[in-house]
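The values are calculated or read from the model by the stated rules, or taken from the named source; none is laboratory data. None of these values were measured; they are calculated from a predicted model. All Cβ positions, glycine included, derive from the backbone under ideal geometry; neighbour counts span all protein chains shown. Protein only, heavy atoms only, side chains kept; ligands, DNA and RNA dropped before computing areas. Shrake-Rupley method; radii C 1.70, N 1.55, O 1.52, S 1.80 Å.
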Amino acid sequence: MAYAPIAKLEKFISKEDDAQVWLNNVKKAIMVNEWNNAQAMQTIPYFLQDTTNLWYQSLVNKLQDFNAFKLEFLKYFSNNNSINHLANTFITIKQKKTEAVTTYLGCFHRNLHQIQAINVNYFIAPQILNQFIHRLHSSILQYVYSMHPQTIQNAVTNTQNFEFTELKANHIQAINLVMNELSDLNSKLK
């Protein structure tokens, strides 16, 4: 059973359509319509037409969930414009000043995974490492560079260690501040 959409979704007809734009619209429709994974997977086929529907029918048993659909869909229907769009999005990801490392890392990994689903060799390891480090917030960037990471995993570990150390230092500073205030209050009470 297809679920009546609140958000309008256009049909995807062929490789001439922009796969990434259509998938972005599907994601918005899923969110706005509050579809769970099963509802999305039941509804999506109604928006695939002609060759795209034939493609879907040939893989329907392989597509367990929306993430599997998305990866297979991009592999098959992406054109150079789509991968260029993804690459441009990827290279503009930047950690915001107050953003947690895990949030930045999640966004970074999600975008990289989308690109690699289409073309695993689009970026090579040194480019990925360089991109990850260069787009960190400046206070973390200096620390990570000083550790001379050789792999993306080293850089991620260094970044997480820095964040943990900073959080610990902030907590210690807050505890010391409270202790000082309690000490002041105690001396005033005497």
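For helix 80-92, what angle does its Cα long axis make with the longest principal axis of the chain, in degrees from 0 to 90 and rounded to 10?
Helix 80-92 sits roughly 10 degrees off the main axis of the chain.
Can you work out D for region 81-166 in µm² s⁻¹ from Stokes-Einstein, where Rh is the Kirkwood radius over C-alpha pairs, the temperature is 4 °C and the viscosity is 1.567 mPa s?
Answer from the Stokes-Einstein relation: 98 µm²/s.
Give the value in nm², to one decimal: projected area of the alpha carbon convex hull of the chain, averaged over all directions.
On the way: hull surface 64.1 nm².
Taking the Cα atoms of the chain, their convex hull projects to 16.0 nm² on average.
Could you list which residues have their amide H under 5 Å from that of residue 48, counting only those 5 or more apart in sequence or on another chain, with H placed in the peptide plane?
Those qualifying (amide H under 5 Å, at least 5 residues apart or on another chain) are 12.
Which value in deg cm²/dmol, rounded to the nearest 500, describes the helix-derived mean residue ellipticity at 222 nm for the chain, given -39,500 (n - 2.57) per DSSP H run of n ≥ 4 and division by the residue count?
-22500 deg cm²/dmol, from helical runs alone.
Taking a 1.4 Å probe, which of 145, 46 shows the most accessible area, and what order do the others take after it?
Descending accessible area places them as 46, 145.
Just how much of residue 110 is accessible, in Å², when a 1.4 Å probe is used and the result is rounded to the nearest 10?
140
Would you kindly derive the ³J(HN,Hα) couplings of region 16-27 from the backbone phi angles with the Karplus curve 6.51 cos²θ - 1.76 cosθ + 1.60 (θ = phi - 60°), listing them in order in whole Hz, with x for Gly and Pro?
Rounded to whole hertz, the list is 6, 6, 7, 4, 5, 4, 4, 5, 4, 5, 5, 4.
Sort region 10-54 into rounded, prolate or oblate with this rule: let a ≥ b ≥ c be the square roots of the eigenvalues of the Cα gyration tensor; rounded if a/c is under 1.5, and if a/c is not under 1.5, prolate when a/b is larger than b/c, oblate otherwise.
Values: a/c = 2.99, a/b = 1.51, b/c = 1.98.
Because a/c hits 1.5 or more and a/b fails to exceed b/c, region 10-54 counts as oblate.
To the nearest 20 debye, what charge dipole does region 22-181 have about its Cα centre, counting +1 at the Cβ of each Lys and Arg and -1 at the Cβ of each Asp and Glu?
Using Cβ point charges on Lys, Arg, Asp and Glu, region 22-181 gives about 240 debye.
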